[in-house]
Amino acid sequence: MTSGGDAPGMNANVRAMVRAAIYKGCKPFAIYEGYEGLVKGGSDYIKELSWNDVRGWLSEGGTNIGTARSKEFRTKEGRLKAAKNLIDAGINALIVCGGDGSLTGADLFRSEWPELLSTLLKSNQITQSQHQSFKYLNICGTVGSIDNDMSSTDATIGAYSSLARICQAIDYIDATANSHSRAFVIEVMGRHCGWLALMAGIATTADYILIPEKPASSKEWHEQMTEIVAKHRKRGKRTTIVLVAEGAITSDLKPITCTEVKDILVEKLGLDTRITTLGHVQRGGTAVAYDRILATLQGFEAIEAVLQCTPDTPSPMIAIEENKIIRRPLVNAVKLTKSVAEAINNKDFKKAMQLRDSEFVE
Ligand code: F6P
């Protein structure tokens, strides 16, 4: 199942899982439309996939099995329906490719599984023998998100494709900016994470980058940006590129808008300035080689992980650390990701940065 925002490489991930599962002697199914499809169930939403069904999926962007937000899965009723649908389809392991919210949902589902099963048995929705055969649900998460915002992994599936797309767009903008000697303020996706903006800034020599992880007071960043841009212009630079991560905030937690940045460039430096919001082009398109490789290796590892899981193994999340594909306890990775957000909300930016670089310690 793919869940949350789509990301290039999700299809490659599904393809690898389908083929690894068949290779290992299992029967792979796809849940269409994320948790929504899991709750709806039936042959429209839960379909067995064959080796050839996923041909050509390695490079394709988006997710061919769909993704959708589900309010119903957040309720006990919804999760009860989801459990029944899985049992009806004969499924006893679930792999979810998505962001932190999607993976938390999967782990909660697993922890509730025995209770859901008893309720289904008591209400005669499943038989005693089904109750016995589907006693455990193994869960595994792979992280698909362009934002690269998950703790305990160096890269999420889709982040490098999005980065490549952003850099390409900035290169295009640079050509027109140079022709008119203009300034461009470019908004980059990433939710509460500045990775895309920061890396794109380094790769395209942006003049100034605003990210959520390094907030300053309005006065501070106004002055610093003006000084830096003025210095670059004095040296003869004809273009000015300022990248604004969509989650960029000031030290008193106010969002920084592209219009605010533009106004300063116009008023303080007299620059002819335009704003470009890159939007969803950042999320579409084919997956770059790195994402194809990451998704394939992690898809294979996910199948091995669910096959090796015992009832006592914590649900694994497949990660990459120092170029090695590894398993991390899913719950810890999600907890750590959430504590970073909490630290930012509490204006404890130093702690947020430390947490982002750390491993989970109970
Ligand atoms: O999480 C991926 C992401 O593209 C973020 O970078 C962005 O904030 C958000 O999703 C946009 O969501 P939607 O496609 O629902 O507008």
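The values are calculated or read from the model by the stated rules, or taken from the named source; none is laboratory data. Every value quoted in this text rests on a predicted model; they were computed, and no experiment measured them. Note: ideal-geometry Cβ built from the backbone for every residue, glycine included; neighbour counts use all protein chains shown.
A few remarks follow.
- Any hit, segment 257-270, residues being within 26 Å of the chain's Cα centre (by Cα) and either within 16 Å of the ligand (Cβ to nearest atom) or within 24 Å of ALA287 (Cα to Cα) (or both): yes
- Among the residues making up segment 185-199, those that are more than 17 Å from the chain's Cα centre (by Cα) and aliphatic (A, V, I, L, M) are VAL185, ILE186.
- MET317 vs. criteria part of a strand (DSSP E or B) and of a type in the set (A, V, I, L, M, F, W, C): yes
- When CYS258, CYS193 are checked against the criterion of being surrounded by 17 or more Cβ atoms within 10 Å (Cβ to Cβ), touching a residue at least 40 places away in the same chain (Cβ under 8 Å) and in contact with a strand residue (DSSP E or B) (Cβ under 6 Å, 6 or more places away or on another chain), CYS258 stands alone in meeting it.
- Total residues in segment 135-150, condition more than 14 Å from the ligand (Cβ to nearest atom) and surrounded by 24 or more Cβ atoms within 10 Å (Cβ to Cβ): 5
- Count of residues meeting criterion [of a type in the set (Gly, Ala, Ser) and more than 15 Å from the ligand (Cβ to nearest atom)] in segment 152-163: 1
- Taking segment 182-251 and the strands (runs of 3 or more DSSP E) fully enclosed by it, the elements with 2 or more residues that are β-branched (Val, Ile, Thr), closer than 18 Å to ASP147 by Cα and within 16 Å of the ligand (Cβ to nearest atom) are at 183-188.
- Some residue of segment 189-198 being of a type in the set (D, E, K, R) and over 20 Å from ILE157 (Cα atoms): no
- For first residues located in segment 128-142 and under 12 Å from ALA83 (Cα atoms), partners that are of a type in the set (Lys, Arg) and buried (at least 18 other Cβ atoms within 10 Å of the Cβ) and lie 6+ apart or on another chain with Cβ distances below 7 Å form the pairs LEU137/ARG110.
- Residue pairs meeting the criteria (Cβ under 8 Å; at least 6 apart or on separate chains; first of a type in the set (Val, Ile, Thr), in segment 1-25; second more than 13 Å from the ligand (Cβ to nearest atom) and in a helix (DSSP H, G or I)): THR2/ASN13; THR2/VAL14; VAL14/VAL54; VAL14/GLY299; VAL18/ASP53; VAL18/VAL54
- When residues in segment 84-126 are screened for being surrounded by fewer than 17 Cβ atoms within 10 Å (Cβ to Cβ) and within 22 Å of LYS27 (Cα to Cα), 3 of them pass.
- Set VAL334, VAL340: member being buried (at least 20 other Cβ atoms within 10 Å of the Cβ), more than 25 Å from ILE209 (Cα to Cα) and within 16 Å of the ligand (Cβ to nearest atom): VAL334
- If you go through segment 174-188 and keep only what is touching a helix residue (DSSP H, G or I) at 6+ places or on another chain (Cβ under 9 Å) and of a type in the set (Val, Ile, Thr), you end up with VAL185, ILE186, VAL188.
- Qualifying residue in segment 327-338 (condition: modelled with pLDDT of 95 or more, assigned to a loop (DSSP other than H, G, I, E, B) and either closer than 22 Å to ASP107 by Cα or not small (Gly, Ala, Ser) (or both)): no
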